[in-house]
Amino acid sequence: MTHKCADCINLSPRDVFNGYCEAKEQSVLIDDAACPSFQSTQKCKFCKKYEASEKEFLGICNGEMVYPDLGGCEQFTAK
Amino acid sequence: MATTQDGMADPQPSFHYGEVPKEVAGREVKKEACPRAKKLLQDYYDAKVSLDTTFPYWYTRTWKEQEGQHPLVRRGLALKSAFSHLEPCIRPGELLVMQRNKYVRGASIVPWTANRFPLSDEERAKSDALKASNMELEKVTILAKGGGVVSESTKDVLSISGRFGQRMDEYPALLELCRYWNNKSAEDTCHLWGTLHPEYSTLVNMKKAVLMASDMEYGNRHGRSVTNYQYPMQMGFKGMIDWCNKQINDHLHTGKVDKIAFWKSCIYAIEGVQIWIRKYAAKAEQLAAKEKDPQQKKEFEEIAERMTWIAENKPRNFMDAIQLHWTCQLQVYNEMQGSGFSPGRLGQVLYPFWKKDIDEGRITPEQTLEVLECMRVKYTELEIATCVGTQGILAGNTFNNICLGGLKPDGTSAENELEYLFIEAAMKCATVSPTLSLIYDGKLSDKFLLKAIECNKTGSGYPAWVNNRVAIEYCLKKHQAENITVEDARAWSIGGCLEIQPGAVVNGEIGAGSYSSSGINFINVPKILELVLWDGECPRTDVRVFPPHGSKLETFEELFGIFKQYFAKVTRIFQETYNFKTAATFELDQPILFSALSADCIEKGADIDHEGSRYNRCFTTWITGQVNAVNSLASIKTNVYDKKRFTLDQLKDALFNNFGYRSAVDTGNYSMAEQVKSKSKEEIDEAWARIRSNAYCVQSRAHIIRDLQRAEDWDKIHALCLRAPKFGNDDPFVDAIYKEMAESWRDAVEQTLDPFGRPWCPSMLSVGTHGPLGQADIASADGRLAGVTLADGGQSPYPGTDVNGPYAVLNSATIIDHSDYKNTQLNMKMHPSAIKGFEGSRKMLDLIKAYMDKGGYHIQFNVVDSRMLKDAQAHPENYRDLMVRVAGFTHYWCEIAKPIQDELVARTEYEEV
C-alpha cells in the first residue's frame, strides 16, 4: 500500500486538500505520497479488526459499518 | 431612483448623495494584527471549508445501539460518544485551542436533523417531490464561489451544497448515515407531522412559489440566541455534573422521569465534552514533548495544564475563562445544526477574571489584545453545514455577536476597560466574526462611543449600533407574561444578527437564558403583492397558491385590503404549520448542552425545547423586501388609482414583461444600476426604419408595430413607476403605507400562538435573503426589475431611492414603534470622506444619537468607496481580506454571492452627513 500524508500521524489537517506536517514543519498536500518519516495514524484501515466490504470505501468492524479513514476508536489494534 | 432624462435606470454603477470625490478613497483608520494573529489568519485564508464525518458517525452508531432508551438519555449518550471521538488539532502559535473538528474551517453534516441535502440530486428529488421543500428556492439561489468555498468537485473531493468540501473516500459512509436517518430525521418527521395541518397542501404551493426563504425547522432551528457562560464560570463542568446528580437524587421520589432523563443526558453530554478537552490536553503535552523552541514548548505546556484544569474546574484567571467560553461555544455549535449562538455580553462576563489578573500583574493590556485577536480568528473559522437554500440565507456567516456597553442589572453603565480592548482587537485583527454591537445608552461615556466610531471607520461594518431603551422596552412588553424583571431586561443582548434576547442574571452576574429565535425564515413580501395582482397565482411559476380572490381591485383600499389579508394568511399558515413541524423535533434533537448552559434549565429539569429557559417567547417570523412592496403599493396608488396614468392591466402586462428588459437572472447583473433592455435602442430604431420603408408584409407590419408600441408603453410605465414616491425620504404619503403594512402584519404575527402557547414575534431584517428572494420575484411596481435583489434590512431604503439625505431616512425609518418588533434593521453606506477626522466622527455620532433619540433600534454602516467594491468585483484576487457589512453581519467580499455584491455596490453612498 502506498501511504499518503493524510494517513500520517505527523499531519495536522488544514482542510480536505492540505495540511501541516509537524515533522517537516511545512504545508503539504494530504494526498501526496508519504515521506520516510511516515508513521500511520490510528485509522480503521490500519486496524486488525477492519474488514473491507464489497462497497468501495466502506468496511466492517465487529458487525458495524465503518469506513477506512475513520479515526478515534479506543479499541484500535495496529495490524 | 437615479434616472436618465427618458426615465431609464441610470447606468452608473452605484447611487450617490452628494458630490463624489475624484480619487477613490481607502478607509481612514487602518491597523495591523499582531504577528501571531496574522499567521493564524493566514492559515484561515488558506483553508477550504471542509466536512468531517467523525461526529455524525459516532453519534449515529451510539444512537442505534441505544434504541429503546429514553430519548433524552439516548441523545446524551450519542453526544458523549460523538464528542469523545473527535480528534484534537493544535496549530503552532495558538493561544486558544479547540476547533469544531480536525479541519480549520471544519463543519459536519448533522443527519439526524437534515439528512437529505448530502444525497444525490436524484435521490433527494424523490423524497422532496411532495414536501414543502426548498427545491424551488434552491433553483434561484446563487452562491458565492470565492475565498475558502469549495464550489467544484475534484477527483478526491466532492463539493456539497456548493460550499463544503467532502473527501470522496468518506462520502459512501456519509451516505449510509444519511440514509439511516430516512424517516427518522427532523427533516423527514417535520414533513410527516406537518401534513397533520389541513392547509399543508397550501404550504407546499407557498414553498413552490418561493414565498419564504428556507425551512428553519430542520435547516437552522436553533440559534439567534445567547450562550450563557455563568454556570461553568461559577462552578466548572464538574460542578455542573454534581448539580445534575444532586437534582437526580433530590427528585427520585417525584416520579418525574423526564426530568431525571434530562439531568442524566446533561451529565453524559458534559462528560463527552470533558473527554474532548482532555484529548486536547494530551495533544498539547505530546507537542510540548517534541518541541525544540522553548517559547513554543512553554505555550504547549501551558495549554496542556489549562485544558486539564478547565475539563473539571471553574476558571482561575482570564486565560482559563476565555478558553472555557470558547469550549462552550464549540460544544453548542457541534451538538446541533444552528447559527447565531452569540457570545452576548462576553466583555462583561470575562471582566472580573481580567480585572483581577490586571490588578495582580498576571496579564498586560498588550497580552490581552493578543489573546483577543486570536479569539477573533477562532470565531471566524466557524462553519455550519446546510443545504443550498439555507446557504442563501446565511451567506456563509455564523452570526456570533458580542454586545458592548449597555447597562448593568443595577442600572449603571456597563462599559469597562476590557471592552475597549475588544474594540481595539477588532480593529487590529479585522475578521468577520465575532461581530460587535454597541448597546447605546445615554450613560455611556463619549470616549467609549468615539472609540466605537473609530472602529466603524476601519470599514469593518462593526460595531452595529443598537438602542438600549428600545430593547429594554421590548423585553418588558413582550416578556411581561413571563414576569421578566427589570434586571434581566437590562441584561438583554443580541442573539444572532440583531434579535433582542432578554438577559438572565445568574448569581448577580450577566448571563443568558432564553429560547432560540426559531421560526419563519423570511417571508417574501413582494411575492404577496404578486399574488394579489394575479388573483392568487404566482406569475413566475404559475403555481396557484390561493383560490382566486375574485376582486376587480377597483380601488386602492380594496387592493391594499386584500394584500393585508394575504399577508396575514401567509403568515398564519407558515406559523401554524411550523408549530406542527417543529414539535416533531422536540424529542429528537434537543439542545442538551446549550440547555445545560442556559439559565434555569438544570434548575427546572427541562431542556429549552420544553421551556426550561427562563424566557421562552421567542418563536419569530422574519420578512424581506417589505420596502419594495411598500414602494410598489405607493406607485400603484399614485399611478393607477389617484392619477390614473395607466390601468392595473397595463401595469401587469408591463411587470410580466419586465418593462421590456432582460431578467437579471439572465444577464447576471442583480442591481438596478446595471440592467439591459431586451431590445437595444439601435434595434428598435432599425425596426421603425424598416416599417417606414415598408420592408414587411401587412400582417407582420401590424404585429411589429404593436410590439414596438407595447414596448414604448412599458418604457413610459416604467419611468412613472421609478418616479413614484419612495420610502426613505420622509414622505408622509409613502411612510404611512409602510406603517399600516408593518402594523397590520405585526398584529397578524402575534395572533398565532407558538408551541408553548405564547404569541409569535415579528422581526425585520434580511440577512442574505434579499438576494434569492429577489431572484424569485418578477418585476415590481416600484420599477425594480425581475430577478433584481430586493431592499436589504427592514428599514433600509431601496438603493438609489433615498434622495433627501440621511436624516430623512431616519425619519422614515422611525415611522413605526421599533419596540414592537424583535428587531428592526437600517443599513447606510458612507463614503470615508463624509466622516473624516474628529469632526467627521462627531457628525457620525450625532447621526446615530439622532436615530436612537427618534426610537430607532438598529443602524449599521458600510464605510467604503463604491468604486473600491467595483474594483474588488473585477479583481477579487487583490481583495481577499476586504470586508463589508451585509444585513446584520459582516462578511468577506469574496465570499458573498454576486446578487448581494451588486446590491452592496448599488446602495446609496452618502458623501456628506
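Stokes-Einstein diffusion for chain B, with the hydrodynamic radius set to the Kirkwood value over Cα pairs and evaluated at 25 °C in a medium of 0.890 mPa s, equals 87 µm²/s.
Between the beta carbons of B:Glu199 and B:Lys716, assuming R0 = 51 Å, the FRET efficiency works out to 0.80 to the nearest 0.05. Taking the fewest neighbouring Cβ atoms within 10 Å as the starting point, the ordered list for B:Ser635, A:Ser27 is A:Ser27, B:Ser635.
Quick one: P(r) of the protein assembly as shown from all Cα-Cα pairs, 10 Å bins, percents rounded to integers, in order of increasing distance. Computed distribution, short to long bins: 2, 12, 22, 25, 20, 12, 5, 2, 1, 0. Once backbone amide H atoms are built at 1.01 Å from N, B:Gly459 has B:Val863 as its partners under 5 Å, excluding neighbours fewer than 5 places away on the same chain.
Taking a quarter of the surface of the Cα convex hull of the range B:526-609, what do you get in nm²?
On the way: hull surface 33.6 nm².
Mean projected area for the range B:526-609: 8.4 nm², to one decimal.
Which FRET efficiency, nearest 0.05, do B:Arg469 and B:Asp653 yield, Cβ-Cβ r, R0 60 Å? Before the final figure, lay out each step's value.
Details: r = 49 Å, r/R0 = 0.81.
Computed FRET efficiency for B:Arg469 and B:Asp653: 0.80.
Based on the Kirkwood approach, the hydrodynamic radius assigned to the range A:1-41 is 9.6 Å, with every pair of different Cα atoms included. Here each label is just a point 7 Å from Cα along the line to Cβ, and for B:Asn317 and B:Ser151 those points are 4.7 nm apart. For the range B:759-787, the residues whose amide N sits under 15 Å from a probe point set 7 Å from the Cα of B:Arg572 along the beta carbon direction are B:760.
Relative to the longest principal axis of the C-alpha atoms of chain B, give the angle of the C-alpha long axis of helix B:171-180, reported between 0 and 90° and rounded to the nearest 10°. So the helix axis and the longest Cα principal axis differ by about 90 degrees.
Here B:Ser693, B:Ser632, B:Ser460 are placed in order of increasing Cβ neighbour count within 10 Å, fewest first, which gives B:Ser693, B:Ser460, B:Ser632. Dividing the helix sum by the residues of chain B, where each DSSP H run of 4 or more adds -39500 (n - 2.57), gives a mean residue ellipticity at 222 nm of -15000 deg cm²/dmol. The angle between the Cα long axis of helix B:35-46 and the longest principal axis of the Cα atoms of chain B comes to about 60 degrees, rounded to the nearest 10. Taking θ as phi - 60° and the Karplus parameters 6.51, -1.76 and 1.60, the scalar couplings of the range B:872-880 work out to 5, 5, 7, 10, x, 4, 8, 10, 4 Hz in sequence order, x denoting glycine and proline.
For chain B, the longest principal axis of the C-alpha atoms and the axis of helix B:698-723 are separated by about 50°. Given a cut-off of under 8 Å on Cα pairs at least six residues apart, what relative contact order in percent is computed for the range A:1-41? Rounded, it is 47 percent for the range A:1-41.
Along the charge dipole of the range B:240-304, which of B:Gly255, B:Ala304, B:Ala284 sits closest to the positive end, that is, farthest toward it, with unit charges on the beta carbon of Lys, Arg, Asp and Glu (+1, +1, -1, -1)? After comparing all options, I get B:Gly255.
Put a dot 7 Å past the Cα of B:Ala736, heading toward its Cβ, do the same for B:Ser680, and the two dots end up 4.7 nm apart.
Put in line by how crowded their Cβ is, counting other Cβ atoms within 10 Å and starting with the fewest, B:Phe619, B:Phe560, A:Phe46, B:Phe164 read A:Phe46, B:Phe560, B:Phe619, B:Phe164. Among residues other than B:Glu686 with Cβ under 13 Å from its Cβ, the summed charge is +1 (Lys and Arg +1, Asp and Glu -1).
The Cβ shell under 13 Å around B:Ala414 holds other residues with a net charge of -3, Lys and Arg each +1, Asp and Glu each -1. Placing dummy labels 7 Å off each Cα toward the beta-carbon, the span from B:Val486 to B:Lys30 is 4.9 nm.
Test of the criteria: in the range B:545-642, which trypsin sites (Lys or Arg not before Pro) are in a DSSP loop and have at most 16 other Cβ atoms within 10 angstrom of their Cβ?
Details: sites: B:Lys552, B:Lys564, B:Lys569, B:Arg572, B:Lys581, B:Lys604, B:Arg614, B:Arg617, B:Lys637; in loops: B:Lys552, B:Arg614, B:Arg617.
Listed in order of number, the matching sites are B:Lys552.
No value in this document is a laboratory result; all are computed from the given coordinates. Because the structure is a prediction, the values reported are computed rather than measured. Please note: Cβ atoms are built from the backbone with ideal geometry, for glycine as well, and neighbour counts cover all protein chains shown.
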